[in-house]
Each structure stands twice: as structure tokens, then as C-alpha cells.
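Here the structure is laid out as C-alpha cells; the discussion comes afterwards.
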Amino acid sequence: MGLITNRQFADLDVGASAQLTRTLSLDDIALFAIMSGDVNPAQVDAQYASGDRFHQVVAHGMWGGALISTVLGTQLPGPGTILVRQTLEFLAPIAVGDTVTVTVEVRDKELAQQHVHLKCAIVNQRGETVVAGQVEVIAPSNKIQRERVVLPQVELRHPGRRYRRLIAMTNGLAPLRTAVVHPVDANSLGGAVEAARMGLIEAVLVGPERRIRAAAEMAGHDLRGYTIIDAPHSAAAAELAAAMAGTGQVEALMKGALHTDELMLAILAPAARLRTGRRMSHVFAIDAPGYPRPLFITDAALNLYPTLADKRDIVQNAIDLAHALGIVLPRVALLSAAEMVNPAIPSTLDAAALCKMAERGQITGAILDGPLAFDNAVSAEAAITKGIVSPVAGLADILLVPDVESGNMLAKQLEYLGGAQMAGIVLGARVPVILTSRADKTLARLGSCAIALLLARRAGAAP
């Protein structure tokens, strides 16, 4: 751990110096902004310019000033030092990736008050002085020696970053004409209005007009310019919206304040003409702050206890979605409670069969492996500990769950215990179905709309 020791006034000689070298990272800027509340756009706005990768983010001299304080308080004079005044000039910016060296040097001493004047400078890796000045301190009169405090590790998370990237990917695409089914509460109507404002959808509001307008008034939304198609209740709204999708009047459907089974009943009706040769399935596109890759869970909403044939379609739907979102060769983990094939656990048999189906070309466009337990799918360390050699372990993009119960519980655990956000979409129909939860936040709803837009435009015209 080591010790930190001060230098008392009597031990400080003119010319004595100390140094500290640090490299500025994005986390340094974010942490400084969090602790200080300084959200100067010159520092923090550029962090979000291009998804997860940031360019030339610049810190003002306050970070450099903090480094000078660090040297004074831990090295020269060290613990017990009291800052009296400082004068610093900020001569040049410090950019992300710059390595700077901080030097403080004793210039003179005032014996009467035990004040010490020190010259300070911060020089970058190119030899340029970026901060210069002087400080006056009261040097400690007693010897202090302490164990060096081990600071906690800080993990910075940026919730919603993947949804922001998906929204950015829709730039230049025409909005998706979308029937929003029964948007009679503030959440569902607000999500549709915000998605329309951002150019993701052209919202057609289908439901009881009186209730839709009442929800808009309560939430402060102006519905001028929106098409509202009156329907007496949620079931009628679902049936009417499905018919509009079947006849090409709209390009997508979006769930409002109604139950999923009510909407799906209308979509599955033969009269709607929305079925294809592929079984419909639901995919959660999850923004999990603690996971370094995109993550999709399927099926956690529609198919209760899917058969092997159902799972083939469910997997292929998710793979096709991943392709539409720019993942060229997604890795699919076929989840179970065990990693070995066990006849007593049907999901392990299905996983093995699906892997063979992929080998024979019955499932295409991805790397499949299973059965895998959840820990092995998302943690390479867990897989190594268990001796599992797999091209998917620790790198999974898509998680195929055994049934809707396990999938729903997994997704909700990630959301409520892991801080994840959930965007949802139904695949396998002739149009995308944006299936959000009534509890979803606006960003998750926008992410769902962006996914539908990317999927529809990829299946139709090129972006």
C-alpha cells in the first residue's frame, strides 16, 4: 500500500521539487464533471459526438489545478499542508490522451508565518507548458506519516448510449409511417410524439379520439398535424391498425396503452394478412451499461414454450435483426441451466439440435453455441473457470432463452437490478411491431422506433 510522508517547514529547502505524471482520459473528464457539477459544453458535449468513441475532448485548467493540489497535499510539502492562495495561468488546453507532468518547486520561505511559495508548471508530452503559476501554502509543523489511501475503483456508465447510436444511424432515413395503437396515456402518447419529433416515425394515432386528446392535454402535447383515427376501444383500435398495416396504409405498428395479447390477437388474425412463413417472435434490444457489447434476448414476451422448430425461427429472426443493426456475424448463446447436454433438461437438447441445424445451413448468418449457462454466455472468465472452450462464451450478442418465463425474468432482472434499458420489437410479421412496456422510459421507446426504422428500410430500399 505504501506510506505518504510530509516535509516540515524546517526541512524544505529552496529548489526542492516534486512531480506527478498523469494521462488525461475520458473518465477523468466525466468524473471531474460529476464531482464538480461543471458541465461546461466545451468539455462534456463532445463526449457524445460519435457514440462510444470520443475525439479531442478538451479539459479546461481546473483538472490541471486539481493535479497541482494533489502534489502539494501528498508530496511537497505533503499531508498537513494548508493552501493560502494560488495564481495560475492556463496557457493551452489539455486534450484526451495527453500525458502531462506536474512540477512544484520551492521558490522561497517566510519564517515568521511558516509560509512557503512554490512555482508550479504543467508540461504536456510535446514539451509545451499548459499551466504555469505559483502557490502560497502554510507548511506543516509536525511530522505526519500515513498509509496511502487506496481509492475505490469507479466504473462510469452511460445509460442509453446504444440507443443514441441507433438513433444516430437513422439519420437520412425517411420516417416510418406508424399506427400507434390506443395511445391514451401520457407514456405511450409521449413516446410516439417524441419519436415523431425526432423524425423516426410519422405517427398515426388509432384509438378513442376523446381519450387521446385528453392524454395530450394532460401531458402538454400539441396534436396539430397528427392524423387521429377514432376507434371506440382498444380491441377495435388494434383490429383497425392491423388492417391498415395489412393494406399498406402504414409501415409499422406501435403498441400503446393496451395489453400485448390484445394487439397480437389482431395482428395474428387471418384478415389482417400480416403473417409470413416465419413464426413471429419478440426481441429485447438491451442497453446494459455493464456489458461491452450489444445484447438481444429472445423470446421473452410472445412464445410461451417454443418447440425446436419455433426456436429455429426465433433465432433466425434475431439474427436478421442484428444484421439490420450492423452486426455482421452475431454470436448466439443458446441458454440453459447447464452446459452439458442432459436428456432430463429439454433446453439442452434443443440447444444441441440448433447448433447442428446451423452447421447444416438451416440457420444462417451467425455463430451459435450451446447449451450455455447465462454466466458463461456473458463472462469469458466464468467460461474459463468452468473449462468451456467456445467462440460464443463471454462474447454473446444474442441470448436465446428456453421459454418466456425464464426470458422475462432475465430481462426484468437486467432492467431493475442491472440498470439496463429495454427496447422491444416483434419480428416475423410483414411489418415491424414496436412492442414497448407501459413502464418503459422515453429513450427505450425511441430506441424501439429506431430499430423498427432501420429494420424496415433495410428490408425495403437501401438506406
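Only the coordinates and a few stated rules stand behind these numbers; no lab work does. No experiment lies behind these values; they were computed from the predicted model shown. Cβ placement follows ideal geometry from the backbone for every residue including glycine, while neighbour counts extend to all protein chains displayed.
Below are the figures for this structure:
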quantity	calculated
Those residues of the stretch 396-435 whose amide nitrogen sits under 12 Å from the label point placed on Arg278, 7 Å along Cα→Cβ	426-433
Hydrodynamic radius by Kirkwood, which averages 1/r over all alpha carbon pairs of the stretch 279-428, in angstrom	14.9
Local electrostatic count at Leu205 - Lys and Arg +1, Asp and Glu -1, tallied over other residues with Cβ under 15 Å	+1
Förster radius 25 Å - calculated FRET efficiency between Ala186 and His259, Cβ distance, rounded to 0.05	0.90
Total formal charge among the other residues, if their Cβ is under 12 angstrom from that of Glu136, Lys/Arg +1 and Asp/Glu -1	+2
Charge-dipole axis of the stretch 139-185 as Lys and Arg at +1 and Asp and Glu at -1 on Cβ define it, positive-most pick from Leu173, Ala139, Val154	Ala139
In degrees, nearest ten, helix 61-74 long axis to first principal axis of the chain (Cα)	50
Relative pair counts by distance (%), Cα atoms of the chain, 10 Å bins	4, 17, 21, 18, 14, 12, 9, 5, 1, 0
Cα centre as origin, Lys/Arg/Asp/Glu Cβ charges: the chain dipole, Debye	660
Two-site label geometry, Ala112 and Lys412: point separation in nm, points 7 Å out along Cα→Cβ	7.4
Pairs of Lys in the chain closer than 16 Å at Cα, counting only those 8 or more apart or on different chains	4
Of Thr5, Leu349, Leu111, farthest towards positive along the dipole that unit charges on Lys, Arg, Asp, Glu beta carbons give the chain	Leu349
The stretch 279-428: antiparallel DSSP beta bridges as a percent of all, rounded to 5	50
Cα-centre dipole for the stretch 279-428 with unit charges at Cβ (Lys and Arg positive, Asp and Glu negative), debye to 20	220
